[in-house]
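Chemist: Have a look at this one before I ask anything.
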Amino acid sequence: MAYANFPYYQDFFKGNLIPNEAMFCVFAERASEWIDTVTFDRLQDKDLFNLHKIKIQKCTCALAEKFFKRNLAFVNGIPNSENLPKTSESIGAYSVSFANLYDYVQELSLTDEDFQKSLKSTALHYLGNTGLMFRGV
């Protein structure tokens, strides 16, 4: 079971990258499984889960977005100038700017090793000071 749901993602995490609940559920489940791995299944203890619930939910949403972006890269291929996200748009003398292709590809962390590092960095950001990722006894 995922540690965060779509209403939490939209209303509290303020996420807007994942477009619908069905997609969010898939990626939140993958994120929750990954969190279980790096926390050594400590979240099965409901008291421990409740103690850090907000951080766990935020971490789940952030990781779900990373899994979603990675999936987009494999489904759509490397973005080109036609499908890059807009960074700015003007109305007077109409002008549109798109994300830098190199920066966007870097953000996607296309190699498995880089992707794992990105996931770990995100988990450390949210859960690093909770003790949940501590390898000792």
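Chemist: Please work out if D36 is loosely packed, with under 13 Cβ neighbours inside 10 Å, within 29 Å of N5 (Cβ to Cβ) and either modelled with pLDDT of 90 or more or of a type in the set (S, T, Y) (or both).
Modeler: For D36, the condition - loosely packed, with under 13 Cβ neighbours inside 10 Å, within 29 Å of N5 (Cβ to Cβ) and either modelled with pLDDT of 90 or more or of a type in the set (S, T, Y) (or both) - is not met.
Chemist: Related question: Within segment 3-17, can you find the residues that are within 22 Å of L43 (Cβ to Cβ) and modelled with pLDDT under 95?
Modeler: Once the filter is applied, which keeps residues that are within 22 Å of L43 (Cβ to Cβ) and modelled with pLDDT under 95, segment 3-17 yields only G15.
Chemist: Another one. Look at segment 27-65 and say how many of its residues are outside any helix (DSSP H, G or I) and in contact (Cβ under 8 Å) with a residue 24 or more places away in the chain.
Modeler: Applying the first criterion (outside any helix (DSSP H, G or I)) to segment 27-65 yields 39-41, 45, 52.
If we keep only those that are in contact (Cβ under 8 Å) with a residue 24 or more places away in the chain as well, we get 39-40, 52.
Looking only at that region, the number is 3.
Chemist: Being open to solvent by less than 90 Å² (accessible area, probe 1.4 Å) and in a loop (DSSP other than H, G, I, E, B) is the filter here, so list the residues in segment 9-24 that pass it.
Modeler: Within segment 9-24, F13, G15, L17, I18, P19, N20 qualify.
Chemist: Kindly check whether there is at least one residue in segment 73-86 that is under 26 Å from V26 (Cβ atoms), at pLDDT 80 or above and outside any loop (DSSP other than H, G, I, E, B).
Modeler: For segment 73-86, residues under 26 Å from V26 (Cβ atoms), at pLDDT 80 or above and outside any loop (DSSP other than H, G, I, E, B): absent.
The values are calculated or read from the model by the stated rules, or taken from the named source; none is laboratory data. What you are looking at is a predicted structure, and each value in this text was computed from that prediction instead of being measured. In this analysis, Cβ positions are derived from the backbone assuming ideal geometry, glycine residues included, and neighbour counts consider all displayed protein chains. These accessible areas exclude ligands, DNA and RNA; they are computed on the full protein's heavy atoms, side chains included. Shrake-Rupley method; radii C 1.70, N 1.55, O 1.52, S 1.80 Å.
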